[in-house]
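Novice: Structure provided below as C-alpha cells; questions to follow.
The values are calculated or read from the model by the stated rules, or taken from the named source; none is laboratory data. Please read all numbers here as calculations on a predicted model, not as lab measurements. With ideal geometry, Cβ positions are generated from the backbone for all residues, glycine too; neighbour counts draw on all protein chains shown.
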Ligand SMILES: Nc1ncnc2c1ncn2[C@@H]1O[C@H](COP(=O)(O)OP(=O)(O)O)[C@@H](O)[C@H]1O
Ligand SMILES: [Mg+2]
C-alpha cells in the first residue's frame with residue numbers, strides 16, 4: 001500500500017470515483033483544446049468528472065478482476081464514460097490501445113471505441129471499412145509484405161498520391177506525376193510502414209473540406225486551401241482555412257456517414273472536391289483539433305458525454 005501522504009507529490013491525482021473521464025494521451029495537456037474541454041466539463045459535470053493522463057495510470061489484474069490505480073497506489077473506479085484524446089502519431093497497441101481495451105473490458109462507454117481508433121490510425125484500415133460501407137473513397141492500392149518494386153511493377157494510378165499508412169499533418173503525403181518517378185525514388189521511401197497509392201483527385205488540388213462530426217451531427221466545417229501550389233491543404237503545411245458550416249450540405253452528410261461507418265463519436269473528416277460537385281472521402285481523423293471560432297464542438301462533446309451517462313447501465 002502507498003503511504004497516505006503520497007498524493008502531495010501528485011497534485012493532479014484523478015478523482016477515484018468519477019463517472020466520466022477526460023483521458024489524455026502524452027503531450028496533450030498544454031493545448032488550448034484541453035483548456036476548452038476542461039472548462040466546459042468543470043461547468044457541466046463538476047465532481048462527476050476527472051482528468052486522467054495515460055501517464056498516471058496503472059492497469060492490473062488482481063484475483064481475476066481488472067483493476068485501475070493511479071501512481072499513488074489509490075484504486076480508481078472505471079468510469080461509466082470516457083472521452084480519450086490521444087496523440088495519433090503515438091497511438092500504439094501496447095500502450096494507448098491497451099488502456100482503451102482495459103476500460104472497455106471494465107464496462108466503460110468510450111466516445112471513440114477501440115476499433116474506431118485503430119481504423120483511424122491506419123489510412124488503409126479506414127478505406128477498407130468506408131468502401132465496404134458503400135461510401136466514396138479514391139481508388140487505392142496497398143500491400144502487406146510485397147516488395148515495393150513489385151508493387152509498382154504491378155501498377156499504380158498515374159498521377160499518384162502516395163501516403164504512408166500512418167501519417168499526419170500532410171507529412172507523409174506527396175504527389176507523384178507518374179510511375180516512372182516512383183520507380184526512380186522507391187529506394188528512398190522508408191520501408192518500416194507500408195504505403196498506399198491513390199487516385200489523384202485533381203479537381204481538389206490544394207483544397208479540401210474538413211468537417212467535424214460529433215454524435216451524428218456536423219458541428220464545424222472549414223475549407224482548407226494550400227500554400228504555394230502544394231497539393232496538401234493541411235494547415236501544418238501552411239494552408240489557410242475558412243469556416244463554412246452549412247455551405248456544403250452534401251459534404252456534411254457524407255462526413256456524418258463516414259463517422260458512422262467507423263463508429264466514431266467525435267471525428268474530423270477530410271473530403272476532396274470532385275469535378276461533378278460531389279465529394280470523395282480523403283481521410284478520417286479520430287483525434288481531431290478545432291479552432292476557437294468553432295464554438296459548437298465542445299458543447300456537442302459535453303452533450304455526447306451526458307447522453308452516454310444518462311443511458312449507461
Ligand atoms: N487522393 C488525393 N487527391 C488530391 N489531394 C489529396 C489526396 N489525398 C490527399 N490529398 C491532399 O493531401 C492532404 C493530406 O492528405 P491526408 O490523407 O489527409 O493525410 P494527413 O493525415 O497527412 O492529413 C489532404 O488534406 C488533401 O489536401
Ligand atoms: Mg488529413
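Novice: Return yes when residue 288 is within 13 Å of ligand 2 (Cβ to nearest atom) and outside the structural domain of residue 166 (by TED's automatic domain parsing) and no when it is not. Break it down stepwise before answering.
Specialist: Details: within 13 Å of ligand 2 (Cβ to nearest atom): yes; outside the structural domain of residue 166 (by TED's automatic domain parsing): yes.
Yes; evaluated as a whole, the condition is true for this residue.
Novice: Still on this structure, I have one more. Does residue 116 satisfy the criteria of being surrounded by fewer than 15 Cβ atoms within 10 Å (Cβ to Cβ) and in contact (Cβ under 8 Å) with a residue 24 or more places away in the chain? Full working, then the answer.
Specialist: Values: surrounded by fewer than 15 Cβ atoms within 10 Å (Cβ to Cβ): no; in contact (Cβ under 8 Å) with a residue 24 or more places away in the chain: yes.
Taking the combined requirement at face value, the residue does not satisfy it.
Novice: Let me ask you something else. Restricting attention to the range 200-229, which residues are part of a loop (DSSP other than H, G, I, E, B) and either without any contact (Cβ under 8 Å) to a residue 60 or more places away in the chain or more than 14 Å from ligand 2 (Cβ to nearest atom) (or both)?
Specialist: Within the range 200-229, the subset part of a loop (DSSP other than H, G, I, E, B) is 200-201, 205-206, 215-216, 226-229.
Passing the criteria: 200, 205, 206, 215, 216, 226, 227, 228, 229.
Novice: Of (1) at pLDDT 95 or above; (2) outside the structural domain of residue 215 (by TED's automatic domain parsing); (3) in contact with a helix residue (DSSP H, G or I) (Cβ under 9 Å, 6 or more places away or on another chain), residue 133 satisfies all except one. Which?
Specialist: Against the list (1) at pLDDT 95 or above; (2) outside the structural domain of residue 215 (by TED's automatic domain parsing); (3) in contact with a helix residue (DSSP H, G or I) (Cβ under 9 Å, 6 or more places away or on another chain), residue 133 comes up short only on (2).
Every residue, every condition in (1) touching a strand residue (DSSP E or B) at 6+ places or on another chain (Cβ under 6 Å); (2) surrounded by fewer than 18 Cβ atoms within 10 Å (Cβ to Cβ), yes or no:
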position	(1), (2)
69	yes, yes
102	yes, no
107	no, yes
121	no, no
130	yes, no
133	no, yes
140	yes, no
149	no, yes
163	yes, no
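Novice: OK, next. Suppose we keep only residues that are touching a strand residue (DSSP E or B) at 6+ places or on another chain (Cβ under 7 Å) and assigned to a loop (DSSP other than H, G, I, E, B) within the range 25-52. Which one would you say is surrounded by the fewest Cβ atoms within 10 Å (Cβ to Cβ)?
Specialist: 29
Novice: Restricting to the range 200-219, name every residue that is surrounded by fewer than 21 Cβ atoms within 10 Å (Cβ to Cβ) and touching a helix residue (DSSP H, G or I) at 6+ places or on another chain (Cβ under 7 Å).
Specialist: Correct list: 215, 216, 217.
Novice: Out of everything in the range 165-199 that is within 18 Å of residue 151 (Cα to Cα) and near ligand 1 (Cβ under 7 Å from one of its atoms), what residue ends up being surrounded by the most Cβ atoms within 10 Å (Cβ to Cβ)?
Specialist: Looking at residues that are within 18 Å of residue 151 (Cα to Cα) and near ligand 1 (Cβ under 7 Å from one of its atoms), I get 198.
Novice: Pairs, please: C-beta under 9 Å, at least 6 apart or cross-chain, first residue without any contact (Cβ under 8 Å) to a residue 12 or more places away in the chain and in the range 36-58, second surrounded by fewer than 19 Cβ atoms within 10 Å (Cβ to Cβ) and not in a helix (DSSP H, G or I)?
Specialist: none
Novice: Right, here's the next one. Quick one: is residue 258 touching a residue at least 40 places away in the same chain (Cβ under 8 Å), more than 10 Å from ligand 1 (Cβ to nearest atom), surrounded by 22 or more Cβ atoms within 10 Å (Cβ to Cβ) and outside any loop (DSSP other than H, G, I, E, B)? Spell out the reasoning first.
Specialist: Working: touching a residue at least 40 places away in the same chain (Cβ under 8 Å): yes; more than 10 Å from ligand 1 (Cβ to nearest atom): yes; surrounded by 22 or more Cβ atoms within 10 Å (Cβ to Cβ): yes; outside any loop (DSSP other than H, G, I, E, B): yes.
Criteria met by residue 258.
Novice: Could you tell me whether any residue of the range 53-62 is modelled with pLDDT of 95 or more, in contact with a strand residue (DSSP E or B) (Cβ under 8 Å, 6 or more places away or on another chain) and exposed (fewer than 13 other Cβ atoms within 10 Å of the Cβ)?
Specialist: yes
Novice: Looking only at the range 271-283, decide whether some residue is within 16 Å of ligand 1 (Cβ to nearest atom), at pLDDT below 95, surrounded by fewer than 20 Cβ atoms within 10 Å (Cβ to Cβ) and not in a helix (DSSP H, G or I).
Specialist: no
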